[in-house]
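Inspection log for the structure reproduced underneath, given as structure tokens.
Every read-out reported here was derived from the displayed coordinates using simple, explicitly stated rules and does not represent laboratory data. The shown structure was predicted, so the numbers you read here are calculated from the model rather than taken from an experiment. As a convention, Cβ positions derive from the backbone with ideal geometry for all residues, glycine included, and neighbour counts pool all protein chains shown.
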Amino acid sequence: MPPHPKRKHSKGRRDRRRAQDALTAINLAACANCGKMVPAHRVCPECGFYNGKQVVEKKA
């Protein structure tokens, strides 16, 4: 049989644990080449530029 808690955890203890579970919004930045909003430190999916350089060829 699996072990069970001997005493009930308080609501405060439960809620303090759950305080870590909130999701944060993705930080978006404008692409320096095309201006589209993309996640920071990622290659732009529209134009393929990163840090002012073309790193991915865009498909036709």
Once amide hydrogens are built 1.01 Å from N within the peptide plane, the residues lying 5 or more places from residue 31 or on another chain with amide H under 5 Å from its amide H are 36, 37, 38
Karplus (6.51, -1.76, 1.60) ³J(HN,Hα), θ = phi - 60°, over segment 24-31, in Hz, Gly and Pro reported as x: 10, 6, 6, 6, 9, 9, 6, 5
Which cross-chain or sequence-distant (5 or more) residues have an amide H under 5 Å from the amide H of residue 54, H modelled 1.01 Å from N in plane? none
Starting from the Cα of residue 36, draw a straight line to each of the aspartates and glutamates and keep only those under 12 Å, dropping any in the same chain fewer than 8 residues away. 46
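Ranked highest first by the average count of other Cβ atoms within 10 Å around their residues, in what order do 9-16, 49-56 fall?
Details: 9-16: 9.5, 49-56: 11.8.
Per-residue mean Cβ counts within 10 Å order the peptides as 49-56, 9-16.
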Out of these labelled values of Cα extents along the principal axes in Å, [x] 63, 27, 17; [y] 27, 19, 17; [z] 41, 18, 14, which was calculated from the coordinates shown here? [x]
Efficiency of FRET between residue 23 and residue 53 - r from beta-carbon atoms, R0 35 angstrom, step 0.05: 0.65
Ranking 49, 32, 22 by how far each Cα lies towards the positive end of the charge dipole of the chain (+1 on Lys and Arg Cβ, -1 on Asp and Glu Cβ), the top one is 22
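Based only on other Cβ atoms within 10 Å, what is the fewest-to-most ordering of 46, 57? Numbers along the way, then the final one.
On the way: 46 13, 57 7.
Going from sparsest to densest Cβ surroundings: 57, 46.
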